[in-house]
Each structure stands twice: as C-alpha cells, then as structure tokens.
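We did not get these values from a lab; they are worked out from the coordinates using the rules stated. Fair warning: this is a prediction, and the values are worked out from it, not measured in the lab. Methodologically, a virtual Cβ is constructed for each residue, glycine included, from the backbone with ideal geometry; neighbour enumeration extends over all protein chains shown.
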Amino acid sequence: MKILITGTHGTGKSSLLNELKKLPELKDFKFIGGVTREIKDLGLLINEEGDWRTQLLCVAKDVINLLENEYNNVVYDRSILDTKIYTDYMCVNSWSREVVRVGVAVDHIFSLFRFSFDIIIWLRPEFDLEDDGVRSQNIEFQEEIDERFNFIMRTYNNSVFQLTGTLEERIQEFKKIYNDYKKD
C-alpha cells in the first residue's frame, strides 16, 4: 500500500508523518520524509526562490523513492505530485528555458507515476506559518501553491482525503480512512 501525505508547505505534513510512525496499524510501513530540508542543506534554493536544479533534484529523488519502494508499504511525506505543483509554479513565474525544460520532464514523469498512491492525504493551510528556517513565510506563495493543489486534486476523485483539525483529530480521521480502505 502506498500512502501520500501532500499539500503546500506549513500544513503539518511532517508532524502527521511523525505521529503515523507510532501507529501499530502501520508497523510494517516504511516512512519517507520530504526532501526539501535535504536539498536546502546541499546549498540549493528552495520555495519560491527555487530553480531548475532544485526541481530536477526533487523529481530525481521522487523517482528513486517510488521505484525503490514499488513493492513496499510506504507512507510518503511529499512525492511527485508535490514536485509537479511546485515546478508548475516555477514555470509560470520564471522565463528560464531550463525551468521550462525541467517542467516538461516533470510533467512526463508525473504522468508515469500519478496513480502510484492508494490513499492521498491532502493537508491545506489551517494554521499560521511557523518559521522553522526552511519553509517560506510568504503567505501569498503558500496560497498560490494551495490553489494549484486544489486544481489538481479534482482529478483524483476517490483516492484523496482532506484531513483537518488538530494533529490528534487528523490521526483519528486517518485511522478511519485507513481502516475503511483495508476493508475494501
């Protein structure tokens, strides 16, 4: 089973992933965190300042994670869906040929892997952005990325579940979704 936790930055994806690791129902799952902090540590620009190198590295890591875990039970904090949305943002907001070329590549790769997930947990902005030294504090950027998620999520129909509320409420919602999926 493949579970994706997705959504714009600052919505609690990593916090949710860390709590899901504690659930006995997911004891046999592998957990893969997002790559944004890792990419920043490499000295690359991220968020609205990211460039074609950032997105190329993101998509490469997404592909590796998806292929290496094709036969594993996995919970992903971000993946190819997130990379596509952030790359689309960069393509619209940059006139760089390199960004556009990477955007075309990401679109093709996304089309290969877009249905790789059994359950997509979508988190939207509900809380004030916390400054962790990594995520952008630009509310307009967060809102624009969230709108891009909103647009693309309409294509997924039944596999997308939007969680809301406190972390504990989200865990309870997740358990219900997971148990219902296991029944089917």
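Data overview
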read-out: Contact order relative to length of the chain, as percent, for alpha carbon pairs under 8 angstrom and 6 or more apart; value: 33 percent
read-out: Sorted by Cβ density within 10 Å, fewest first, the residues HIS108, HIS9; value: HIS108, HIS9
read-out: Distance from the range 126-183 to the range 38-89 (C-alpha centre basis), Å; value: 17 Å
read-out: Cα-centred dipole magnitude for the chain, charges only on beta-carbon of K, R (+1) and D, E (-1), debye, nearest 20; value: 680 debye
read-out: Sparse-neighbourhood loop sites, GluC sites (Glu not before Pro) in the range 21-108 - DSSP loop, at most 15 other Cβ within 10 angstrom; value: GLU70
read-out: 15 Å beta-carbon shell around TYR156, net charge (K/R +1, D/E -1); value: +4
read-out: Spherically averaged projected area of the chain from its Cα convex hull (nm²); value: 10.1 nm²
read-out: LYS30 long-range amide H proximity, modeled H, under 5 Å; value: ASN73, VAL74, VAL75
read-out: Karplus-derived 3J(HN,Hα), 6.51/-1.76/1.60, for each residue of the range 20-34, Hz, glycine and proline x; value: 5, 4, 8, 6, x, 4, 10, 4, 9, 9, 9, 10, 10, x, x
read-out: Within the range 109-151, chymotrypsin sites (Phe, Trp or Tyr not before Pro) in DSSP loop having at most 13 other beta-carbon neighbours inside 10 Å; value: PHE115, PHE127
read-out: Hz values of 3J(HN,Hα) by residue in the range 37-52 - Karplus curve (6.51, -1.76, 1.60), Gly and Pro given as x; value: 5, 4, 5, 4, 5, 7, x, 8, 6, 10, 6, 5, 8, x, 9, 5
read-out: The range 112-162: GluC sites (Glu not before Pro) falling in loop per DSSP and having at most 13 other Cβ within 10 Å; value: GLU126, GLU130
read-out: Cβ-based exposure ranking for TYR86, TYR178, in which fewest neighbours within 10 Å come first; value: TYR178, TYR86
